[in-house]
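Below: one structure, written as structure tokens.
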Amino acid sequence: MSLGSTAPTALPPKAAIDVPVTIGLAALAGMAFAGTDLQPVQRHLVERLTANPQDAAALMDLATLTQLAGDRSQGLALQQQALQQQALYHRPAPAGKAPGLRLLAFMAGGDFMANTPVDFLLEGSGIALNMLYLAPGGATPEGIPNHDVALVAVGESDDNRMVLEALGPVVHAWPTHVLNDPARIALLSRDGAYALLRSAPGLVVPPTIRIARATLAADQSSVAGLEFPVIVRPIASHAGQGLVKLDDATAARAYLDDHADAELYVAPFVDYSGSDGLFRKYRIAFVAGRPFAVHMAISEHWIVHYLSAGMDDSAERRAEEARFMSGFDDDFAARHAAALRALAERTGLDYFAIDCGETKDGELLLFEADVAMIVHAMDPPEKYPYKLPAMRKLFAAFAELLQAGAAAGSRAAA
């Protein structure tokens with residue numbers, strides 16, 4: 001079977017087949033986050049590949065390590081080599097856990113923001129994970145491992161759009177229950193999310209417009225109908241990369257001198273600073289329609305990224321984040337109940353996440369929505385004691401979602 005633009009003529013059978021076992025992103029990232037020396041792991045992987053160049057699992061783990069070390073391009077090149085050898089990879093349930101559910105995740109090649117962070121979300125569960133990487137026109141394995149439920153983990157992006165489109169007929173004919181409709185994921189581009197969510201009650205979604213660089217280059221007092229100041233970013237930008245506030249056309253032309261992107265997203269700048277002048281960005285995950293706090297970052301700058309917001313260095317900011325997370329259900333989620341409910345209903349996804357803030361009028365301000373936002377429990381508990389309980393709550397809900405999906409599939413097959 002190949003993943004084309006039309007429905008396949010037949011589905012590969014589920015089977016008890018051998019699948020390469022990887023160390024996995026969660027384990028490797030956890031070691032890197034904790035400051036563990038990963039050189040011995042790297043040497044071991046290289047030795048495995050020297051002994052057996054067809055060791056796709058070693059190659060995939062080496063690709064992950066290389067990306068964690070900051071070399072994205074080389075890491076993706078190694079990953080592509082692995083995927084040319086093998087499309088399926090396995091992460092067993094943790095040692096000591098009773099055998100439980102078996103999950104198959106449809107995934108796409110790419111960096112750490114290309115797919116749902118399934119490896120992290122399964123932490124502490126007895127759920128075994130098989131990852132099936134797909135590419136348009138690429139062949140899928142002759143057999144698919146036995147599994148109880150499947151999940152479309154492919155995030156929205158230009159790179160992934162063809163995969164999401166091709167997955168539609170595949171998942172509708174799949175023999176087990178599949179969570180997350182790929183057609184719904186495809187609606188979550190920055191401009192697509194605006195079209196989908198702009199009229200949701202209690203939610204502010206600034207108009208986001210995809211433009212050609214020539215539109216920004218024009219000498220004018222506005223961009224695509226938006227008055228300055230505006231914010232602009234490359235289409236594939238995440239974590240604030242290439243994101244800039246432009247106050248006038250001169251700044252716009254200067255931006256183009258430094259960025260060669262053919263297309264860009266532009267949106268009005270919204271000052272969402274609090275009464276203390278600080279900016280607060282929240283990450284919230286939705287599981288079966290229910291919102292869960294992931295983190296809160298506080299910064300002096302309007303571009304807020306958790307790792308650069310200074311949370312490590314400020315006990316006061318961590319204390320505020322702790323209050324946000326521990327009181328999330330009764331405070332933040334209650335205040336924004338209508339907006340959060342509308343987000344869940346309009347996206348129509350079993351699992352997704354958002355980055356958001358609050359306007360000066362107290363409404364929920366949406367920055368981004370996708371299934372692929374990083375969610376983890378790697379923060380050191382001695383500095384972030386409030387994080388692990390919140391993450392365990394989220395991870396338990398995700399496991400319950402998978403169990404409910406498996407049960408739904410069993411009933412449909414009966």
Candidate span helices, the chain: DSSP H, at least 24 Å along axis from Cα coords, Kyte-Doolittle average at least 0.0, result 387-413
Among the stretch 28-69, those whose backbone N falls under 18 Å of a label point 7 Å along Cα→Cβ from K383 are 29-37
Candidate cut points under trypsin sites (Lys or Arg not before Pro) in the stretch 55-108, DSSP loop plus at most 16 other Cβ atoms within 10 Å of their own Cβ, are K97
From the Cα centre of the stretch 250-316 to that of the stretch 14-53, the distance in Å is 33 Å
Expected max-MSF residue from P381, P389, P40 in the GNM of the chain (alpha carbon, under 10 Å) is P40
Rounded to the nearest 5, the percent of DSSP beta bridges in the chain running antiparallel is 70 percent
When the chain is treated as a Gaussian network with springs between alpha carbons less than 10 Å apart, the largest mean-square fluctuation among A153, A105, A390 is found at A390
A correct Kirkwood calculation over the Cα atoms of the stretch 82-132 returns a hydrodynamic radius in Å of 11.8 Å
With a 27 Å threshold on alpha-carbon distance, the violating pairs from K245/K281; K245/K383; K245/K387 are K245/K383; K245/K387
So, with points 7 Å from each Cα along the Cβ direction, the A214-A254 label distance in nm works out to 2.6 nm
With N residues in the stretch 207-268, Rg(alpha-carbon) / (2.2 N^0.38 Å) equals 0.95
Sorted largest first, the C-alpha extents of the chain along its principal axes in whole angstrom are 61, 49, 46
Sorted by chain and then number, the residues having a modelled amide H within less than 5 Å of the amide H of V204, at least 5 places away or on another chain, are L364, L365, L366
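Read the figures in this text as sums done on the coordinates, not as results from a lab. As the structure is a prediction and not an experimental result, all values here were calculated from the model. Here the Cβ is made from the backbone with ideal geometry for all residues, glycine too, and neighbour counts use every protein chain on show.
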